[in-house]
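To keep things clear, I will list the structure first and then write my remarks on it.
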């Protein structure tokens with residue numbers, strides 16, 4: 001389950017809103033360069049033994065800057081561009 005939250009940068013102290021996670025039918029991949037998010041359709045409701053991670057071709061690259069997309073990085077501080085952030089308040093959950 002994904003969520004939108006307020007984050008605080010542990011380096012510069014900036015607070016900002018972002019999201020992370022995914023849902024039942026999609027995974028969210030984050031660009032390692034510009035922090036854009038891409039939702040990729042998945043089939044997570046199938047039995048675990050039949051679930052397959054999206055392929056590199058399905059994930060692709062960032063449409064904004066061409067950077068690599070990953071699903072295991074935290075949001076990036078828009079002020080100092082570091083990922084050393086802490087979640088301070090969850091605003092909403094989504095599937």
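Across the range 32-69, which residue is nearest to residue 4 (Cα to Cα) among those that are part of a strand (DSSP E or B) and touching a strand residue (DSSP E or B) at 6+ places or on another chain (Cβ under 6 Å)? This residue is 37. For the range 39-59, the condition holds for at least one residue, the condition being that it is farther than 30 Å from residue 11 by Cα, in contact with a helix residue (DSSP H, G or I) (Cβ under 6 Å, 6 or more places away or on another chain) and surrounded by 12 or more Cβ atoms within 10 Å (Cβ to Cβ).
Here, each number is a calculation from the coordinates, and none is a lab measurement. Here the structure is a predicted model, which means the values were calculated and not measured. Cβ atoms come from the backbone with ideal geometry, glycine included; neighbour counts cover every protein chain shown.
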